[in-house]
Amino acid sequence: MAKNKAILISALTGPRHSPASRVRIRQYIPRLARRGIIVRDHIPIFGESCGLPSPFKIAARIPALFTSRNADIIWVSRELVQGYETFERLLKRPRVMDVDDAIWLSRPLGRYSVPHIAKAMDVVVAGNDYLAEYFRQYCRQVYVLPTAIDLERYQSRPAMQQPPEKFVIGWTGLPCNYQFVQPIEAVLARFLREHDRAELMLLSSRCWKYKLLPAEKVRFVPWSPENEAEVLHRFSVGIMPLPDNPWTRGKCSFKMLQYMAVGLPVIASPVGMNRQILEKGEIGFAATTLDEWYQSLHTLYQNWSLQERLGRTGRRVVEEFYNADIVAEKLAEIFQKLAP
């Protein structure tokens, strides 16, 4: 490509509020534009209608096949239709696929379709080492770029001179991921009952149908792109419980990084990338057993200065390793090398 010529990329992304597309592709569009890389975002025509049968999801991708033909590079968020191979081999080359989950485990045909899709890619950008190890079996160029945080949106909580009235245990995520909170529901219920100032705040698009929690101590806040960063400021600690299995090892710890970015201490299961982040500094606690979850919460409840110190460290870790501006530079280098 001639020097100083703009690079045009067609990004085939998911629905407008898809976390993978929002934080792995869309947040980089203005940052790449400043570097002479123009990204056109092709959102499926059926938008958020994820409950549609697969033939409709496939049809929703057809317009992008034609509108992306003039691009220099095609950038795909995961597979075009979850669990299937569809038009990936018909896309113009070079092709880049971004992956932030163990999508080969997706039903019904992920274990068969994903290797074929990966072989058709010129580059795979993986969110962590676990994902990269899998995709290196099928693609010669695999880069590891972590899911990053827009620090202009996620700013540190304002400094406080004294502890707040409430100790707020916070969780944010998709409703389907309440399944990861359910195994610690009993210990959360016990903690809330035994600590007068404690409450649980859930930030999601739908409330959790919990069974054991004291209802008077649970607050649900409807999620929106506009409020997600601000609501995190109301938390005292952010939690990220996970079981240890092949799917969760592929997760890219975005929830944990969101907490850290606004200056919160974290309590997280040391699974996959969570463990790597916990090892980067004193940012919170690793909890595996129910007793460890309870004791970690109790320690933070009793020590407000510890909350503040761990939160400041977490913010610094995000600034150094998971800053969207830094990752944008690395993405730009990949595209500049790949452009014809």
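General observations
- Cross-link table K119/K251; K57/K211; K280/K330; K251/K337; K5/K57; K119/K337, entries beyond 25 Å C-alpha to C-alpha: K57/K211; K251/K337; K5/K57
- Where both bridge residues fall in the chain, DSSP classifies roughly 0% of the beta bridges as antiparallel.
- Dipole in debye (nearest 20) - the chain, about Cα centre, beta carbon charges: Lys, Arg +1; Asp, Glu -1: 1040
- Each residue of the stretch 253-267 was assigned a 3J(HN,Hα) from its phi angle through the Karplus expression (A = 6.51, B = -1.76, C = 1.60, θ = phi - 60°), giving 6, 4, 4, 4, 5, 4, 4, 4, 4, 8, x, 9, x, 10, 10 Hz with x at Gly and Pro.
- Gaussian network model of the chain, Cα within-10 Å springs - most flexible of L278, L200, L290: L290
- For the stretch 187-340, the equivalent ellipsoid derived from the Cα gyration tensor has semi-axes of 30, 18, 16 Å, listed largest first.
- Computed with a 1.4 Å probe over protein heavy atoms only, the accessible area of H195 comes to about 10 Å².
- Ranked by the mean number of other Cβ atoms within 10 Å of their residues, highest first, the peptides 104-116, 125-137 come out as 125-137, 104-116.
- Mean separation of Cα contacts under 8 Å, 6 or more apart, over the residue count of the chain: relative contact order %: 15
- In the chain, the longest principal axis of the Cα atoms and the axis of helix 304-321 are about 10 degrees apart.
- Here is how the number arises for the chain: DSSP H runs of 4 or more residues each give -39500 (n - 2.57), the sum is divided by the residue count, and the result at 222 nm is -10000 deg cm²/dmol.
- Projecting the Cα atoms of L257, S77, I117 onto the charge dipole of the chain, computed from C-beta unit charges around the Cα centre, puts I117 farthest toward the positive end.
- Normalised per residue, the accessible area of the stretch 96-239 is 48 Å², obtained with a 1.4 Å probe and no contribution from ligands, DNA or RNA.
- Packing rank of 71-81, 7-17, where each peptide gets the mean count of other beta carbons within 10 Å, highest leading: 71-81, 7-17
- The chain: C-alpha pair distances exceeding 24 Å, %: 57
- Note on F321: accessible area approximately 80 square angstrom, rounded to 10, probe 1.4 Å, nucleic acids and ligands left out.
- Cα long-axis angle, helix 324-338 against the chain (0 to 90 degrees, to the nearest 10): 20
- Against the main long axis of the alpha-carbon atoms of the chain, helix 54-67 sits at an angle near 60°.
- For the chain, the carbon plus sulfur part of the accessible surface works out to 51%, probe radius 1.4 Å.
- Summed over all non-identical Cα pairs, the Kirkwood treatment of the stretch 81-238 gives a radius of 18.8 Å.
- 5 angstrom amide H check on R219, placed H, neighbours 5+ away: L200, M201, L202
- The relative contact order of the stretch 183-340, computed from alpha carbon pairs under 8 Å that lie at least 6 residues apart in sequence, is 19 percent.
The values are calculated or read from the model by the stated rules, or taken from the named source; none is laboratory data. This structure is a prediction, so every number in the text was calculated from the model and none was measured. Note that each Cβ is placed from the backbone with ideal geometry, even for glycine, and that neighbours are counted across all protein chains shown. Protein only, heavy atoms only, side chains kept; ligands, DNA and RNA dropped before computing areas. Shrake-Rupley method; radii C 1.70, N 1.55, O 1.52, S 1.80 Å.
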